[in-house]
Amino acid sequence: MSACVGVATGATLETVTLELGGARWQLRNLADGLPIEIDDRNAEFVSACEARPDVTLDVHWVSELCSSGAPLFDTGLWRAYESGGDLQFDFFTHLLGSEPYKRAIFNQDFSAGQILLNRAVLGKLDSYYPFEYPLDELASMHRLGLGHGVELHCCGLATADGRGYLFVGHSGAGKSTLGKQWVKHRGASILSDDRVVVTVGDNGFLIHGTPWHGEAGLARNASAKLRGVFLIRHGERNQTDLLSPSKAAAELLSRSFVPWYRAEALDFTLTFLQRLSGEIPVYTMDCLPDVSAVEYLERAHAI
């Protein structure tokens, strides 16, 4: 595993570099008088590394932001638009009126972009984190879909000797409970208890911690080589069954975060998961919510 040094919660900076899902994102603050404040969710993921960033975002003030017409996708809190190949996200809250309080615009390959802050709405703040959730996850998810990786709804585990495993499941399936058993009884680390990024390179598939943790609040800026995937569900005993690659890919797709309105992202994600399922064993696992599940995995799968 590897990790870069974070900063203290509440620190204010003019330039911030973040490690998110195997990519380096740099925020350059050009909004005079509004320092970037790092919150507790992201402090762990601030990087002290000086390598060239994968994505550079310039933060600016604008005097106002107006709605942009018919969106590609609208959640109520954010809307996505496409214009001339660029992708734009507008952010809204009823607490700040009907117009966007923030806009992010990215180029086609998500190597650069701008974050525009509505001075009429945010101008009285002493500090602000312009890449706050959900923008950070949205941007990462869309970049991953361009050929870089996949974000999965799962618990990512790194054993004490650095092997990586994914416990995948819908909310309440028991994935975080199983992960915490590994931490308590075997000294493992949780990279994230809810959302993990998977990438592939010359050394195989890697899993990366993200700041988008679940209720347990477990997240770490680190990565590990993926050795196995387990689709978790509650059971009356501990038991695993190996899935065929096609079935495994379908199950993982249903637990992936993908911008479904972008066909190229969906096509890449399916191809990526088919490759992963052909190279990494994927199992269903009925498990008990105690240390016996850990002991079973050690015995049956040499974890």
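The values are calculated or read from the model by the stated rules, or taken from the named source; none is laboratory data. Please read these numbers as outputs of a predicted model, since none were measured by experiment. A quick note on method: Cβ atoms are made from the backbone with ideal geometry, for glycine too, and the neighbour counts reach across all protein chains shown.
Here is how the numbers come out for the structure above:
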quantity	calculated
Residue, modelled with the highest pLDDT, within the range 105-137, restricted to residues that are of a type in the set (Ser, Thr, Tyr) and surrounded by fewer than 14 Cβ atoms within 10 Å (Cβ to Cβ)	Ser111
Filter pass, Gly164 being on the phi > 0 side of the Ramachandran plot, of a type outside the set (S, T, N, Q) and over 14 Å from the mean Cα position of the chain (by Cα)	no
Options Thr93, Thr75; residue that is without any contact (Cβ under 8 Å) to a residue 12 or more places away in the chain, out of contact with any helix residue (DSSP H, G or I) (no Cβ under 9 Å at 6 or more places or on another chain) and among the β-branched types (Val, Ile, Thr)	Thr75
Condition check for Gly278: under 30 Å from Tyr81 (Cα atoms) and among the small types (Gly, Ala, Ser)	no
So Ser140, is it assigned by TED's automatic domain parsing to the domain that holds Arg41, surrounded by 20 or more Cβ atoms within 10 Å (Cβ to Cβ) and touching a Leu at 6+ places or on another chain (Cβ under 9 Å)	yes
Residue in the range 2-9 that is at pLDDT below 90, farther than 24 Å from Tyr101 by Cβ and of a type in the set (Ser, Thr, Tyr) present	yes
Of residues in the range 42-59 being part of a loop (DSSP other than H, G, I, E, B) and touching a helix residue (DSSP H, G or I) at 6+ places or on another chain (Cβ under 9 Å), the one modelled with the highest pLDDT	Asp54
Any hit, the range 45-61, residues being more than 22 Å from the chain's Cα centre (by Cα) and either among the aliphatic types (A, V, I, L, M) or surrounded by 13 or more Cβ atoms within 10 Å (Cβ to Cβ) (or both)	yes
